[in-house]
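Worksheet: one structure, shown below.
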Amino acid sequence: MSFLLMYLLLGAGVGVLAGLLGIGGGLTLVAALAWLLPRQGVPADAAMHAALASSLASIVLTAASSARAHHRRGSVLWPTVAWMVPGVLLGGWLGSGLAIALEDGVLRWCVAGYCFVIAAQMLLSRAAAGGVDARVPRGPGYTLAGAGIGMVSAIVGIGGGSLTVPLLVWRGVAPVRAVGTSSACGIFIGLGSALGYALQAPAGALPLPGAVGYVYLPAAVGVAITSMLAAPFGARLAHAISGPALQRVFAGFLLLVGSAFAYSALR
């Protein structure tokens, strides 16, 4: 199977997760890319940096497709997005700069730990309440929160849904609107972070055609093509089904992903 076909198939799965749960797609993508990219000639000591950077670059388009689908259903709180965008852009840039300075093994532990935390959150949390549909969080506090979310997201290669969604639900937003709003924020998390990995990387970071800094464009674009098509399907599912059982299954998957990263970091 060609690498391009593998990226296309991977993108389809990531897109569904992005639209359905608002979380998890980026973690799945980072794990897959960390395994695939060395087989394409990415140096082992740059594999995690390239996986994170390429994941975040693809998230820009995946999140845009998911946000568009949620917007058509009235599920994106754009005033909240506007307050969070400056923070997530800055946080993404700063977080990617920090990640570039970290060694491959340290990044693997960061992703492993994050997988374990999110899996525990999904397993232990009760089903989210319906929220208050009229609630539209806004204010400078959300800009500050966005900076933290952007920084963490850049270091572990995600669109920030596993942080943004719980924050908004806690502040009274209905879960499906929290997912839609998180998808819109994910566009700017991916943008700020990917630019950071591209422009702050050392010269010749990836000695491959199609690489810009640590962003490997063939992987990012291949994943993005099918994830954009699949994200609206995930968004439709989010509006149609209850997610507790699916969350438990996915939490188990994240535990496996985290264990795999922890094992690779120990080798």
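The values are calculated or read from the model by the stated rules, or taken from the named source; none is laboratory data. All of these numbers come straight from a predicted model, not from anything done at the bench. So basically every Cβ, Gly included, is an ideal-geometry build from the backbone, and we count neighbours across all protein chains shown.
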*Is there any pair linking a residue in segment 121-142 that is within 25 Å of Trp78 (Cα to Cα) and modelled with pLDDT of 75 or more to one that is part of a helix (DSSP H, G or I) and of a type in the set (S, T, N, Q), with Cβ under 9 Å and at least six apart or on different chains, and which?*
Val136/Thr80; Pro137/Thr80; Pro137/Thr181; Arg138/Thr80; Tyr142/Thr80
*Would you say Ala145 is part of a loop (DSSP other than H, G, I, E, B), in contact (Cβ under 8 Å) with a residue 24 or more places away in the chain, crowded, with 18+ Cβ neighbours inside 10 Å and touching a helix residue (DSSP H, G or I) at 6+ places or on another chain (Cβ under 8 Å)?*
no
*So which of Ala120, Ala112, Ala194, Ala99 is of a type in the set (Gly, Ala, Ser), within 26 Å of Ala260 (Cα to Cα) and touching a strand residue (DSSP E or B) at 6+ places or on another chain (Cβ under 7 Å)?*
Ala194
*Considering segment 172-185 alone, what residues qualify as being more than 11 Å from the chain's Cα centre (by Cα), in a helix (DSSP H, G or I) and hydrophobic (A, V, I, L, M, F, W, C)?*
Val176, Ala178, Val179, Ala184
_Given (1) more than 20 Å from Ile225 (Cβ to Cβ); (2) polar (S, T, N, Q); (3) touching a Pro at 6+ places or on another chain (Cβ under 9 Å), index of the condition Ser66 fails_ = (1)
*Is there a residue being touching a residue at least 12 places away in the same chain (Cβ under 8 Å), buried (at least 18 other Cβ atoms within 10 Å of the Cβ), in contact with a strand residue (DSSP E or B) (Cβ under 7 Å, 6 or more places away or on another chain) and within 30 Å of Ala44 (Cβ to Cβ) anywhere in segment 158-169?*
no
_Given the options Val42, Val85, name the one that is among the aliphatic types (A, V, I, L, M) and over 21 Å from Leu217 (Cβ atoms)._
Val85
*What number of residues within segment 175-210 are closer than 23 Å to Val14 by Cα and in contact (Cβ under 8 Å) with a residue 60 or more places away in the chain?*
23
*Considering each residue of segment 186-231, count those that are aromatic (Phe, Trp, Tyr), assigned to a loop (DSSP other than H, G, I, E, B) and modelled with pLDDT under 95, and give that number.*
0
